[in-house]
There are 2 protein chains.
Amino acid sequence: MKCKSAVLWVLMSFVITGSSQAQKVISIHSPDNALQLNISQLATGKTTYSLSYKGAAVIQPSGLGFVLSKPAVTLSRFSISGVDSSTFNETWQPVWGEVSHINNHYKQLVVSLTDKAGSKIAVNIVFRLFNDGLGFRYEFPKQEGLNYFVVADELTQFAMAGDHKAFWIPGDYDSNEYAYNTTKLSEVNALAAAAKEKDIAVTSLIGANAVQTPLMMKTAKGIYINLHEAALVNYPAMNLVLNKSNLSFQSQLVPDAVGNKAYLQTPAITPWRTIVVSDKATDILASKLILNLNEPSVVPDSSWIKPQKFVGMWWEMHVGKATWQKDGGKHGANTQNVMHYIDFAAKYGFDGVLVEGWDVGWEDWFGNWKEDVFDFVTPYPDYDIDALTAYAKQKGVKIIMHHETSGAVTNYERWMDTAYRYMVLHNMNTVKTGYVGKIIPRGEHHDGQWMVNHFVRVAAKTATYGIMLDAHESVHPTGLQRTYPNWMANEAARGSEFNNAPTIGMTPEHTTILPFTRLMGGPMDFTPGLFHMQLNQFDSSRKQRVRSTLCKQMALYVTMYSPLQMAADLPENYNKYLDAFQFIVDVPVDWDDTKVLEAEPGDYITIARKAKNKNNWFIGAITDENSRQLQLPLSFLNAGGSYEATIYRDADNADWQTNPEAYTIEKIMVTNSTVLQVKLAKGGGCAISIFKKN
Amino acid sequence: MKCKSAVLWVLMSFVITGSSQAQKVISIHSPDNALQLNISQLATGKTTYSLSYKGAAVIQPSGLGFVLSKPAVTLSRFSISGVDSSTFNETWQPVWGEVSHINNHYKQLVVSLTDKAGSKIAVNIVFRLFNDGLGFRYEFPKQEGLNYFVVADELTQFAMAGDHKAFWIPGDYDSNEYAYNTTKLSEVNALAAAAKEKDIAVTSLIGANAVQTPLMMKTAKGIYINLHEAALVNYPAMNLVLNKSNLSFQSQLVPDAVGNKAYLQTPAITPWRTIVVSDKATDILASKLILNLNEPSVVPDSSWIKPQKFVGMWWEMHVGKATWQKDGGKHGANTQNVMHYIDFAAKYGFDGVLVEGWDVGWEDWFGNWKEDVFDFVTPYPDYDIDALTAYAKQKGVKIIMHHETSGAVTNYERWMDTAYRYMVLHNMNTVKTGYVGKIIPRGEHHDGQWMVNHFVRVAAKTATYGIMLDAHESVHPTGLQRTYPNWMANEAARGSEFNNAPTIGMTPEHTTILPFTRLMGGPMDFTPGLFHMQLNQFDSSRKQRVRSTLCKQMALYVTMYSPLQMAADLPENYNKYLDAFQFIVDVPVDWDDTKVLEAEPGDYITIARKAKNKNNWFIGAITDENSRQLQLPLSFLNAGGSYEATIYRDADNADWQTNPEAYTIEKIMVTNSTVLQVKLAKGGGCAISIFKKN
């Protein structure tokens, strides 16, 4: 429901200081009045926005505008040609997600600007002020003087009000798989951080002061600020470059092969720039601001889109048991092996079996900027796809297709229709895509406009084939799962596979940061559930290991929401711990409700979620390298209900370094007045299932 | 038939001057001994080739080699690890062409080289010495030390032995639609020449001394030399950069978006570098060297590939009668108009009707580097494709599909399969493609490796759909019509449409140069047959005009061979001159034999051709801006045969400037002893059909 202000100047809570004076200011407040947005304009035409939260500055006055290369004009000094305000309040239901209903409530301010420098170009800036933050985007309306145009730079700034603690990864045009750094803003050094990384396939660093979004910060006064973007379509991804002299970020868009940023045609819109703000870290995780800023689903019938859990032929390649390629005698994706996975999935009620390494091309797939590697329809001779299609169907399991493009996207685009028809023919309805390698078209980056359009194109096209999508090495997600609910998950961050990376690997705190950063944009196919922590099972020379307890691995199924969740370890490793594995068997991937009980980025997260259409709850609690005593009131349970809680907790002597796989399982009856006391080991966690009994 | 030398050192006519000396020389001769190839190697390892014709230097000692960027190594000093020679002599039959049988006779010399600088990279250079010239290419065999590699530069040189007269167009990565310049080599100034051009959509000039191939030259002593390449596959096109200090050309490959030239994997081969040589200009035009250096057809069944003549909805857009786009009230491709073309084609026995402007997108197609312009399957609402499909079928005519990509090749590649299926569904089997605009992938050029691969991909894919291909704005042809006989023709030069270009237009000599340059690589869809020379029929403000007589327009059907020939003018213009039009109706597009009777680049060409499987001959004679007296012995006719010749000649008072459409038609009986005397007007020509009568 949208309320248009009938009498604009009255209903809007803004103030314009007389236009003959040096500065005009327009102000609006969030529905709960905690946030105040000011738009200011100097007599020169320089226009800034600023944001405060409960009276404290969140964004100092920050510039807005563009440099265009065609026409060659800088849009940074404007006259205000109109101001429009409205309020909006509706509740909508996602196809799947953390909650069944989402409230979308904001005050909107549209400031219509005209370039003062002479081009007469009109640009509107649309601000939406929610209780949990601000979103704003630029709109270039259809206008006589501007049809096609090329963006050379976006001048949007985010001026911080202090030297905040920041959780950041290096700015990069091609990869977001870095380990997180926690420093003050003044101490950001992206090049030094990146220099320590040895295990990322393709990187294109921007500079020492460049970081990526979602960027999580915490002020000295305990205000949490998250910067990101929403609805990234037909535009490059945004990185942020910090000016350390004034602690102001400026947007740095990913360039294309010739150095341009975006090719647009009026009417054109940019993605939303988002600032999620709260004095409670838990509110940051609970925010639906980014989803609210995306468009509703464009998939006409979404009944076929089903959250799912899966196992698969994947981790055994990482740990050296098998290989993707056929040659060498250890080919994983052979018919017999995959049948075993299908058996395991069927036995424990998993929906899918991912099979990597099934198709010809792996023998020579990486690192040569080669265009025609895979054709996506030719199985290796030891992979009997027809037999496996029949076997999976008989067992009630779906095989999940894997399309590794090796970055040769022109090739993938040529094959996409053929490949998706092949999937439908073989009864598959989920594809995991991969983009490991330098992009072809050569000179393009993973996160540039061309690739952003590609990712959206894949989401749209898979939808027409009834296929769910899980994109790896993709651009950072920006809430587009609302618009394309078949686009279930992405990687786009350092996932669990980095437990096996020799250099930095995955620190215990990593998963306490991800929900505050990468996951702000959407679900991640993190592939949790590793039960065997020493990774030398098949190769005694391997030193790398999982820096987690077994219970923390289970807790991740709750703390890191995704509608696609893999049980990533090998069946034989699960078979050793079947009583613990039961939690993974039980945990849902779609929810009616979510309670972020406690959270601190870099330290800990505890979340409770209510299973979709059931009265069962699941709790995940994780900690970083420090042990932690949980005190957990179950007050979110229905009053008067009786519930059986199964508590999968770190054993008393568990420790991610010395005793990671030790756990204790306790079953107790609980009510909404129960307060659970649980100790999390160093690098540990706790998973709890709570089933309604009456 | 390939004869391998049993005793290498005896059968080969080469000499190696003792390896301990300063220079080794290996020599071979052409089968007729007129050409001598020398391969020389200094003690430093620098290896050169040189070529002489009847004792006169054609190519002075010229360098060979590469700069690779991956691995970073310069390959210019070699040791010879092997020499192999053989002879080859076979006769093959093209699917279509100027002659029914082609003799492929050469001596081959394979020089196996190893990098002396330490990389140990092995490269073979294969020389094939024909009676009409030399072809050579580099081969990188499969080898331990080299798998994937990247070419930064090819160091092949062509050192000229004098300051020859040259027929050249400016070196360019994107366009070959320039007017030809005739200067001495020392006077080449590509930038000055290009600065005069205003009517080419997209250009990327290389520099003042850069020219394109095919490059035609004539020495002071009357030797004709043509430089080009054959079998351009998976490699960028070659331009030539002249070092004016020594009159030596060096190859300049077209770069990709990041400045690399070619991405290759061993075993790899380059295109053939070709040098066609003769002291008779007519031999240059008759040469089949480039075809012989291409691979045989890979289209398994070529019975569906048929040379054809067509009319179409095209010139009326150029002269302002109609528009491509729907809006504006002059949309050419409406159902009624196209039916008239079908009627006209059916009446006069044309095979096809080209229809441009049929599909949605033209309203906004050019100049904005826009990716998603056309979808190749959506007709304008006033184009009833189903009705026209039925009407064409009933009339026994095929509609020729038009796929303008506007340079957005990524978009075309996504649609290709769908678009070709759509063609098959609508009973079409010929497509004219167009690439007007800057290429997408952005940063790529029309003539780079990526686009070369695209053009070949289109040829291969159309073949699988039974579709014949006519590519406009393509890379220069290199004889690939032998390998893909469905790839009938290309534009890739200044075609007849430039008669309508305001600035330079098309000079009378242009068509006397094209067969010596652009057509060396393959047929051109030049679109001759303009009968109305003043182009202000529909727009009285137009000053441009056709610089040709009407008879010359007819002669072009013989002098410029193509298996796809358009009668480009409007039906109403042909209806005014139906007696002359009869020649276009009669002239075939496939031939048993061809006699190049006389030729001089820039001045005149006279060719006689024998119709496929018939005893009819057709003669075309054209001249430049000078009038000319033809003396034409018909000695190629069968002895004793009686023939009726219809001579379409310029009227006595015809002149391209003052009286271009004046012609005279004479019918006489001739025999092989007849000598015809015909005057060609300034800018004129003569077309003659000779039908066997008994």
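The values are calculated or read from the model by the stated rules, or taken from the named source; none is laboratory data. A quick note: this is a predicted structure, and the numbers were derived from the prediction, not measured. Cβ: placed from backbone, ideal geometry, glycine included. Neighbour counts: every protein chain shown. All accessible areas refer to the heavy atoms of the entire protein, side chains included, with ligands and DNA or RNA removed. Shrake-Rupley method; radii C 1.70, N 1.55, O 1.52, S 1.80 Å.
Please find, among A:LEU146, A:LEU134, A:LEU129, A:LEU155, the residue that is among the hydrophobic types (A, V, I, L, M, F, W, C) and within 14 Å of chain B (Cβ to nearest Cβ). Even if it seems obvious, please write down each step before you answer.
Details: A:LEU134 fails: within 14 Å of chain B (Cβ to nearest Cβ); A:LEU129 fails: within 14 Å of chain B (Cβ to nearest Cβ); A:LEU155 fails: within 14 Å of chain B (Cβ to nearest Cβ).
Checking each option against the conditions leaves just A:LEU146.
Only residues that are in contact with a Phe, Trp or Tyr (Cβ under 7 Å, 6 or more places away or on another chain) and β-branched (Val, Ile, Thr): list them for segment A:398-408, please.
Residues satisfying the conditions are A:ILE400, A:THR405.
Tell me, please, whether a residue that is part of a loop (DSSP other than H, G, I, E, B), within 17 Å of A:ALA408 (Cβ to Cβ), within 11 Å of chain A (Cβ to nearest Cβ) and out of contact with any Ser or Thr (no Cβ under 7 Å at 6 or more places or on another chain) can be found in segment B:427-438. Break it down into steps so the answer makes sense when it comes.
Let us first name the residues in segment B:427-438 that are part of a loop (DSSP other than H, G, I, E, B), namely B:427-429, B:435-438.
Subset that is within 17 Å of A:ALA408 (Cβ to Cβ): none.
Within segment B:427-438 (the criterion being part of a loop (DSSP other than H, G, I, E, B), within 17 Å of A:ALA408 (Cβ to Cβ), within 11 Å of chain A (Cβ to nearest Cβ) and out of contact with any Ser or Thr (no Cβ under 7 Å at 6 or more places or on another chain)), the answer is no, since none of the residues qualifies.
Only one residue in A:ALA471, A:ALA460 is more than 14 Å from every other protein chain (Cβ to nearest Cβ) and modelled with pLDDT of 95 or more. Which one? Spell out the reasoning first.
Details: A:ALA460 fails: more than 14 Å from every other protein chain (Cβ to nearest Cβ).
Just a single option satisfies the conditions, and that option is A:ALA471.
Checking the condition without any contact (Cβ under 8 Å) to a residue 60 or more places away in the chain, farther than 29 Å from B:PRO214 by Cβ and away from chain A (no Cβ under 14 Å), which residue from B:GLY328, B:GLY361 passes? If you could, list the steps in order and put the result at the bottom.
Details: B:GLY361 fails: away from chain A (no Cβ under 14 Å).
Answer to the check: B:GLY328.
Quick check, is B:ASP579 within 23 Å of B:GLU644 (Cβ to Cβ), open to solvent by 30 Å² or more (accessible area, probe 1.4 Å) and of a type in the set (Asp, Glu)? Lay out the reasoning, then the answer.
Details: within 23 Å of B:GLU644 (Cβ to Cβ): yes; open to solvent by 30 Å² or more (accessible area, probe 1.4 Å): yes; of a type in the set (Asp, Glu): yes.
So B:ASP579 fits the description; yes.
Quick one: in segment A:210-257, of everything that is part of a loop (DSSP other than H, G, I, E, B), of a type outside the set (Ser, Thr, Tyr) and under 19 Å from the mean Cα position of the chain (by Cα), which residue is farthest from the other protein chains (Cβ to nearest Cβ)? Don't jump to the end; show me each part of the working.
Just the residues of segment A:210-257 that are part of a loop (DSSP other than H, G, I, E, B), to begin with: A:213-214, A:219-223, A:231-237, A:244-247, A:254-257.
In the following step, the residues that additionally are of a type outside the set (Ser, Thr, Tyr) were identified as A:214, A:220-223, A:231-234, A:236-237, A:244, A:246-247, A:254-257.
Still in the running and under 19 Å from the mean Cα position of the chain (by Cα): A:214, A:231-234, A:236-237, A:254.
Values: A:PRO214: 28, A:ALA231: 19, A:LEU232: 17, A:VAL233: 13, A:ASN234: 10, A:PRO236: 13, A:ALA237: 17, A:VAL254: 13 Å.
It comes out as A:PRO214.
Please work out which one of (1) surrounded by 24 or more Cβ atoms within 10 Å (Cβ to Cβ); (2) out of contact with any strand residue (DSSP E or B) (no Cβ under 6 Å at 6 or more places or on another chain) is the condition B:LYS461 fails and give its number.
(1)
Of all residues in segment B:19-73, how many are under 20 Å from B:ILE121 (Cα atoms), of a type in the set (A, V, I, L, M, F, W, C) and in contact (Cβ under 8 Å) with a residue 60 or more places away in the chain?
Going through segment B:19-73 one residue at a time, the tally reaches 5.
Within segment A:287-303, is even one residue surrounded by fewer than 23 Cβ atoms within 10 Å (Cβ to Cβ), farther than 24 Å from A:VAL409 by Cβ, more than 14 Å from chain B (Cβ to nearest Cβ) and more than 28 Å from the chain's Cα centre (by Cα)?
No, every residue in segment A:287-303 fails to be surrounded by fewer than 23 Cβ atoms within 10 Å (Cβ to Cβ), farther than 24 Å from A:VAL409 by Cβ, more than 14 Å from chain B (Cβ to nearest Cβ) and more than 28 Å from the chain's Cα centre (by Cα).
Give the residue, chosen from A:ALA611, A:ALA599, that is surrounded by 21 or more Cβ atoms within 10 Å (Cβ to Cβ), of a type in the set (A, V, I, L, M) and free of Cβ contacts under 8 Å to residues at least 40 places away in the same chain. Before you say what the answer is, go through the steps one by one.
Details: A:ALA599 fails: free of Cβ contacts under 8 Å to residues at least 40 places away in the same chain.
After ruling out the rest, the residue left standing is A:ALA611.
Within segment A:383-410, can you find the residues that are out of contact with any strand residue (DSSP E or B) (no Cβ under 7 Å at 6 or more places or on another chain) and within 14 Å of another protein chain (Cβ to nearest Cβ)?
A:SER406
If we keep just the residues of segment B:258-273 that are more than 18 Å from B:ASP174 (Cβ to Cβ) and open to solvent by 30 Å² or more (accessible area, probe 1.4 Å), which is farthest from the other protein chains (Cβ to nearest Cβ)?
Kept after step one, since they are more than 18 Å from B:ASP174 (Cβ to Cβ), are these residues of segment B:258-273: B:263-273.
Remaining after also requiring open to solvent by 30 Å² or more (accessible area, probe 1.4 Å): B:265, B:267, B:269.
Numbers: B:GLN265: 7, B:PRO267: 14, B:ILE269: 17 Å.
Result: B:ILE269.
Would you tally the residues in segment B:453-493 being over 20 Å from B:ARG273 (Cβ atoms) and part of a helix (DSSP H, G or I)?
9
Quickly run through segment A:100-116 and pick out the residues that are open to solvent by 20 Å² or more (accessible area, probe 1.4 Å), farther than 15 Å from A:LEU64 by Cα and either modelled with pLDDT under 95 or not basic (Lys, Arg) (or both). Write out each step before concluding.
Here is the first cut: in segment A:100-116, the residues open to solvent by 20 Å² or more (accessible area, probe 1.4 Å) are A:100-101, A:103, A:105, A:107, A:110, A:112, A:114, A:116.
Checking which are farther than 15 Å from A:LEU64 by Cα leaves us with A:100-101, A:103, A:105, A:107.
Once the filter is applied, which keeps residues that are open to solvent by 20 Å² or more (accessible area, probe 1.4 Å), farther than 15 Å from A:LEU64 by Cα and either modelled with pLDDT under 95 or not basic (Lys, Arg) (or both), segment A:100-116 yields A:SER100, A:HIS101, A:ASN103, A:HIS105.
Does B:GLY466 count as open to solvent by less than 10 Å² (accessible area, probe 1.4 Å) and among the small types (Gly, Ala, Ser)? Write out each step before concluding.
Details: open to solvent by less than 10 Å² (accessible area, probe 1.4 Å): no; among the small types (Gly, Ala, Ser): yes.
The answer is no for B:GLY466.
Any idea how many residues of segment A:677-694 are open to solvent by less than 10 Å² (accessible area, probe 1.4 Å) and farther than 17 Å from A:ALA580 by Cα? Steps first, answer last, please.
Narrowing segment A:677-694 to residues open to solvent by less than 10 Å² (accessible area, probe 1.4 Å): A:678, A:680-681, A:683-690.
Checking the rest, the ones that are also farther than 17 Å from A:ALA580 by Cα come to A:683.
Residues flagged as open to solvent by less than 10 Å² (accessible area, probe 1.4 Å) and farther than 17 Å from A:ALA580 by Cα within segment A:677-694 amount to 1.
Counting only residues that are in contact (Cβ under 8 Å) with a residue 60 or more places away in the chain and polar (S, T, N, Q), which one in segment B:155-187 is farthest from B:ILE206 (Cα to Cα)?
Filtering segment B:155-187 for residues that are in contact (Cβ under 8 Å) with a residue 60 or more places away in the chain and polar (S, T, N, Q), the one farthest from B:ILE206 (Cα to Cα) comes out as B:THR182.
Can you tell me which residue is nearest to A:ILE26 (Cα to Cα) among those in segment A:74-117 that are of a type in the set (A, V, I, L, M) and in contact with an Asp or Glu (Cβ under 7 Å, 6 or more places away or on another chain)?
Going through the qualifying residues, I end up with A:VAL110.
Name the single residue, out of those in segment A:321-363 being touching a helix residue (DSSP H, G or I) at 6+ places or on another chain (Cβ under 6 Å) and aromatic (Phe, Trp, Tyr), that is nearest to A:VAL377 (Cα to Cα).
By that ranking, first place goes to A:TRP324.
From the residues in segment B:42-59 that are open to solvent by less than 10 Å² (accessible area, probe 1.4 Å) and assigned to a strand (DSSP E or B), which one is farthest from B:LEU264 (Cα to Cα)? If you could, list the steps in order and put the result at the bottom.
Pass one, segment B:42-59, residues open to solvent by less than 10 Å² (accessible area, probe 1.4 Å): B:45, B:47, B:49, B:51, B:58-59.
Narrowing the set further to residues that are assigned to a strand (DSSP E or B) leaves B:47, B:49, B:51, B:58-59.
Working: B:THR47: 23, B:TYR49: 24, B:LEU51: 29, B:VAL58: 31, B:ILE59: 28 Å.
Here the answer is B:VAL58.
Exactly one of (1) open to solvent by 40 Å² or more (accessible area, probe 1.4 Å); (2) touching a Lys or Arg at 6+ places or on another chain (Cβ under 8 Å); (3) aromatic (Phe, Trp, Tyr) is unmet by A:PHE350. Its number?
It is condition (1) that A:PHE350 fails.
Residue under question is A:GLU413, and the condition is that it be touching a helix residue (DSSP H, G or I) at 6+ places or on another chain (Cβ under 7 Å), within 11 Å of another protein chain (Cβ to nearest Cβ) and part of a loop (DSSP other than H, G, I, E, B); does it hold? Steps first, please.
Working: touching a helix residue (DSSP H, G or I) at 6+ places or on another chain (Cβ under 7 Å): yes; within 11 Å of another protein chain (Cβ to nearest Cβ): yes; part of a loop (DSSP other than H, G, I, E, B): no.
No.
Considering segment B:367-394 alone, what residues qualify as being over 19 Å from B:LEU425 (Cβ atoms), surrounded by 16 or more Cβ atoms within 10 Å (Cβ to Cβ) and of a type outside the set (S, T, N, Q)?
If the condition is that a residue be over 19 Å from B:LEU425 (Cβ atoms), surrounded by 16 or more Cβ atoms within 10 Å (Cβ to Cβ) and of a type outside the set (S, T, N, Q), then B:TRP369, B:LYS370, B:GLU371, B:VAL373 are the ones that fit.
Has segment B:186-197 got any residue that is assigned to a helix (DSSP H, G or I), closer than 21 Å to B:PRO236 by Cα, open to solvent by less than 20 Å² (accessible area, probe 1.4 Å) and touching a Leu at 6+ places or on another chain (Cβ under 8 Å)? Let's see the steps before the verdict.
Keep residues of segment B:186-197 that are assigned to a helix (DSSP H, G or I), which gives B:186-187, B:190-195.
If we keep only those that are closer than 21 Å to B:PRO236 by Cα too, we end up with B:190.
With the extra rule that they be open to solvent by less than 20 Å² (accessible area, probe 1.4 Å), the set shrinks to B:190.
Remaining after also requiring touching a Leu at 6+ places or on another chain (Cβ under 8 Å): B:190.
Among the residues of segment B:186-197, at least one is assigned to a helix (DSSP H, G or I), closer than 21 Å to B:PRO236 by Cα, open to solvent by less than 20 Å² (accessible area, probe 1.4 Å) and touching a Leu at 6+ places or on another chain (Cβ under 8 Å), which makes the answer yes.
Among A:VAL377, A:VAL373, A:VAL424, which is of a type in the set (A, V, I, L, M, F, W, C), under 23 Å from B:ARG414 (Cα atoms) and either part of a helix (DSSP H, G or I) or more than 14 Å from chain B (Cβ to nearest Cβ) (or both)?
One residue alone meets the criteria, A:VAL424.
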